[in-house]
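The structure under discussion appears below in the form of structure tokens.
The values are calculated or read from the model by the stated rules, or taken from the named source; none is laboratory data. Every value quoted in this text rests on a predicted model; they were computed, and no experiment measured them. Heads up, the Cβs are rebuilt from the backbone with ideal geometry, glycines too, and the neighbour counts pull from every protein chain shown.
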Amino acid sequence: MNEGRFSRLELTPTKEVQEITDESIRAGKLEAGTPIRTADHFIASAHAARCNGDFERALEAYTRALREDRARIAAWVGQVHVLVELDENAEARLWSDKALELFKNNGELLAGKSRACHRIGDAQGAAACSDASIHAIGSSSMRWISRGEIMLATADKRARDCFERALIEPGSDWFDRVQIARVCLHAHKPGPALEFAMLAQGLAPTHPFAWITLARAHSALVNGPKAEECCRRALELNPQHEAAKRFHCELTNARRASRILRRLKGWITR
Amino acid sequence: MECPNCTFNNIPGMRGCVRCQSRLDFAGVEIVPPRAKDTFIPASIRESFYLYRVRWANASRKVHATSRATFLSGMNTRALVRSVTVPGWGHRYIGYPVFGWSATLIWIVLLAFALYLRGGNGGWPAYFFVAGWHVFVITLILSRQLRSATFRQRIGVGIGINILVNALLYIPAGMVLNRVIPPFFAYNVRPSPAIRTGDVLLTQGPWTRPARYLRGDLVQYRVPQLTIGYNYGLAGFVADRIVAVPGDTFEIKMQRDMYVNGDLIPENKRSLNWVPLPNMSITLGPDEYFIVPSAFHTFNGNLSFSNVVVNSYGKVKYDDIVGKVLWRIRPFHRFGPVNIEQSEATASPDAQSATPTAPETVPVNGVPTP
């Protein structure tokens, strides 16, 4: 474990922070202006960070939420999915195994594990976990998205069915479309990725991350000007958006590199 | 006490859920997930390659789709596989029996010719003829698909098939053949009725050689380069007869009579040529054979067969012996098994002059030695 990444977690809480718990809020013991730091608050901030594309901060917030309440399955599930998004798939699988020891046959955790297994290359494990997650109690869009991700590697048609099934789940929102678009981009399927990114952008035109996903889909389809336009829109909405700034930088670098390559090609073929 | 996983109400104090076996007591549970170690390349730089990775994937998919549309639509895969296996078989399969049989026959003739020329200067050109004919017949199977291809695509297909056929068929087959029956091109050996310079012999290879050799076996073995003053012997491979095996005591008396374990070796079992040897007595180690060094050439004068020479050339390790000589394939008029009994006539010192013939001056790298 890398301690440096979590140096600002405040895992040894101060007296003030320790006193502010759900019980103290309910009992009305808090003074006015005291920051509320409960598990719910951290989970909400983690979800906000995740929807903003800031996965490092989301992971940090999920961990803080667990520090407040270790029985929060949403935080465990969020950690696993965020680890997958950060491309730390082996760690995600390890952590999902650990969480599954605590919460047996939890469908969301199984879905997260199936994504991690799939990205590692363990197709058999991924399929088994996905099957188990579908059979588990309850239903959610993430289970179908993870199933679609596995199907995307083998059968496009069935993957689309899974994605569409995910979108008709109750509670499905623009972020699920973004997730699907990111899954398609990861599987090098820019066409469907563009489709779902456009859906997400249509549902949430004020979210920079939806614009960034759309920009990534455009750039994957080698449509540089549109990608830059989407990136500019995201930066207009939030000029400090980290993912947008980084992607804008990538686009600029790619444009410069392609210009140099074109010039070299021109010199050679002159 | 409600289970966070299945919302079942358990009795207070329970450590696990009765219904789903989930844990209810979370004290001491680790909450910080493990993270991958930071790599040498920062994540920002790694991510910046995203676009290039996607472009590369797109380009490769485009090439794949184009090649599939160009070459694989309507391709008779079974005929292609048959043609790759045996040239002409695919043509027979799609209804061209005359051409198919002709192609197979030509290939067999070329293959036999290449095998016959193996180990000599003509081996490589013959090999290229065989492989080239094979590739040509395969491209004929693809002619319908190549009709709509551009010139560059045709060139690419030709080169690709050539590389594949050579890498997957001919080179592995040649490697196996060289380990089973490698050819031995006799070069710079002392001429004897059994072996002459220019002969090509088939010998046992690393996969077929015996675990131990017997006295009298004609073997191909490796000789090191030896320099004594201005005289030297060339490194390389020669063939000669084993006279003593591991554990034997080999003696030379009267500079001509050879004894193994006290028994006199008959003159027709000694070596292919007669050479003057010093009186000596050698006990061979567990991995050593004794071969009278009569076949290799020396340059620049008379390399006297002193104890040093005999010890260096005569005692041969098992690993330095390539294998037993099996068959002579060239020259054609001497095609057949190597008859080592032919050397009987010349093995005797009486048959030759008592002194060895004056060594020939053989050019080294085209420059005659003095």
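Identify, please: which residue in the range B:139-153 is charged (D, E, K, R) and under 19 Å from B:Gly90 (Cβ atoms) and is, among those, surrounded by the fewest Cβ atoms within 10 Å (Cβ to Cβ)?
Looking at the filtered set, the residue picked out is B:Arg147.
In the range A:77-88, which residues are part of a helix (DSSP H, G or I) and either more than 9 Å from every other protein chain (Cβ to nearest Cβ) or among the hydrophobic types (A, V, I, L, M, F, W, C) (or both)?
Correct list: A:Val77, A:Gly78, A:Val80, A:His81, A:Val82, A:Leu83, A:Val84, A:Glu85.
Residues checked against (1) touching a Leu at 6+ places or on another chain (Cβ under 7 Å); (2) within 14 Å of another protein chain (Cβ to nearest Cβ):
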site	(1), (2)
A:Phe42	no, yes
A:Ser45	no, no
A:Cys51	no, no
A:Ala61	no, yes
A:Glu68	no, yes
A:Glu91	yes, yes
A:His118	no, no
A:Gly125	no, no
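Name the residue, out of A:Leu185, A:Leu214, that is at pLDDT 95 or above and over 24 Å from A:Ser139 (Cα atoms).
It is A:Leu214.
Is it the case that A:Leu214 is part of a helix (DSSP H, G or I), buried (at least 18 other Cβ atoms within 10 Å of the Cβ) and within 14 Å of chain B (Cβ to nearest Cβ)?
no
Taking the criterion of being loosely packed, with under 13 Cβ neighbours inside 10 Å, modelled with pLDDT under 85 and hydrophobic (A, V, I, L, M, F, W, C), would at least one residue in the range B:286-307 satisfy it?
no
Return the pair list, or none, for Cβ contacts closer than 6 Å from residues in the range B:239-255 that are in contact (Cβ under 8 Å) with a residue 40 or more places away in the chain and crowded, with 23+ Cβ neighbours inside 10 Å to residues that are of a type in the set (A, V, I, L, M) and assigned to a loop (DSSP other than H, G, I, E, B), at least 6 apart or on different chains.
Going by the 6 Å Cβ cut-off, the qualifying pairs are B:Ala239/B:Ile195; B:Asp240/B:Leu272; B:Asp240/B:Ala295; B:Ala244/B:Leu284.
Which one is modelled with the highest pLDDT, of the residues in the range B:110-127 that are exposed (fewer than 15 other Cβ atoms within 10 Å of the Cβ) and farther than 16 Å from B:Ile329 by Cα?
Among residues in the range B:110-127 that are exposed (fewer than 15 other Cβ atoms within 10 Å of the Cβ) and farther than 16 Å from B:Ile329 by Cα, the one modelled with the highest pLDDT is B:Pro125.
When only residues in the range A:232-257 that are of a type outside the set (Lys, Arg), within 16 Å of A:Thr206 (Cβ to Cβ) and in a helix (DSSP H, G or I) count, which is nearest to the other protein chains (Cβ to nearest Cβ)?
Taking the candidates together, the pick is A:Ala243.
When you check A:Arg165 against the structure, is it buried (at least 24 other Cβ atoms within 10 Å of the Cβ) and of a type outside the set (A, V, I, L, M, F, W, C), yes or no?
When the stated conditions are applied, A:Arg165 does not pass them.
Return yes or no: is A:Glu91 surrounded by 20 or more Cβ atoms within 10 Å (Cβ to Cβ) and charged (D, E, K, R)?
Yes.
Looking only at the range B:83-101, which residues are surrounded by fewer than 16 Cβ atoms within 10 Å (Cβ to Cβ) and closer than 30 Å to B:Leu202 by Cα?
B:Thr85
Does at least one position in the range B:218-227 carry a residue that is out of contact with any strand residue (DSSP E or B) (no Cβ under 8 Å at 6 or more places or on another chain) and touching a residue at least 40 places away in the same chain (Cβ under 8 Å)?
Yes, the range B:218-227 contains a residue that is out of contact with any strand residue (DSSP E or B) (no Cβ under 8 Å at 6 or more places or on another chain) and touching a residue at least 40 places away in the same chain (Cβ under 8 Å).
Can you name the number of the only condition in (1) within 17 Å of the chain's Cα centre (by Cα); (2) of a type outside the set (S, T, N, Q); (3) more than 11 Å from chain B (Cβ to nearest Cβ) that A:Ile134 fails?
Just one mismatch for A:Ile134, condition (1).
Pairs under 7 Å by beta carbon, first residue more than 11 Å from chain B (Cβ to nearest Cβ) in the range A:173-194, partner hydroxyl-bearing (Ser, Thr, Tyr), six or more apart or different chains?
Between residues of the range A:173-194 that are more than 11 Å from chain B (Cβ to nearest Cβ) and residues that are hydroxyl-bearing (Ser, Thr, Tyr), the close pairs are A:Asp176/A:Ser141; A:Val178/A:Thr213; A:Ala181/A:Thr213; A:Arg182/A:Thr213.
In the range A:57-76, which residues are without any contact (Cβ under 8 Å) to a residue 40 or more places away in the chain and part of a helix (DSSP H, G or I)?
If the condition is that a residue be without any contact (Cβ under 8 Å) to a residue 40 or more places away in the chain and part of a helix (DSSP H, G or I), then A:Arg57, A:Ala58, A:Leu59, A:Ala61, A:Tyr62, A:Ala65, A:Leu66, A:Ile73, A:Ala74, A:Ala75, A:Trp76 are the ones that fit.
The rows are residues; the columns are (1) small (Gly, Ala, Ser); (2) in contact with an Asp or Glu (Cβ under 8 Å, 6 or more places away or on another chain).
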{"position": "B:Asp199", "(1), (2)": "no, no"}
{"position": "B:Pro206", "(1), (2)": "no, no"}
{"position": "B:Pro210", "(1), (2)": "no, no"}
{"position": "B:Gln220", "(1), (2)": "no, no"}
{"position": "B:Ala235", "(1), (2)": "yes, no"}
{"position": "B:Arg241", "(1), (2)": "no, yes"}
{"position": "B:Lys253", "(1), (2)": "no, no"}
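May I ask you to list the residues in the range A:93-109 that are under 17 Å from B:Ala27 (Cα atoms) and either more than 9 Å from chain B (Cβ to nearest Cβ) or in contact (Cβ under 8 Å) with a residue 12 or more places away in the chain (or both)?
A:Ala99, A:Leu100, A:Leu102, A:Phe103
Looking at the range B:266-296, which of its residues are more than 24 Å from B:Gln204 (Cβ to Cβ) and in contact (Cβ under 8 Å) with a residue 12 or more places away in the chain?
Those that are more than 24 Å from B:Gln204 (Cβ to Cβ) and in contact (Cβ under 8 Å) with a residue 12 or more places away in the chain: B:Glu267, B:Trp274, B:Val275, B:Pro276, B:Leu277, B:Pro278, B:Asn279, B:Met280, B:Ser281, B:Ile282, B:Thr283.
Here are some conditions: (1) surrounded by 15 or more Cβ atoms within 10 Å (Cβ to Cβ); (2) among the hydroxyl-bearing types (Ser, Thr, Tyr); (3) under 30 Å from A:Val222 (Cβ atoms). B:Ser60 meets all but one. Which one does it not meet?
B:Ser60 satisfies every listed condition except (1).
In the set A:Ile180, A:Ile260, A:Ile268, which member is of a type outside the set (Ser, Thr, Tyr), assigned to a helix (DSSP H, G or I) and at pLDDT 95 or above?
A:Ile180
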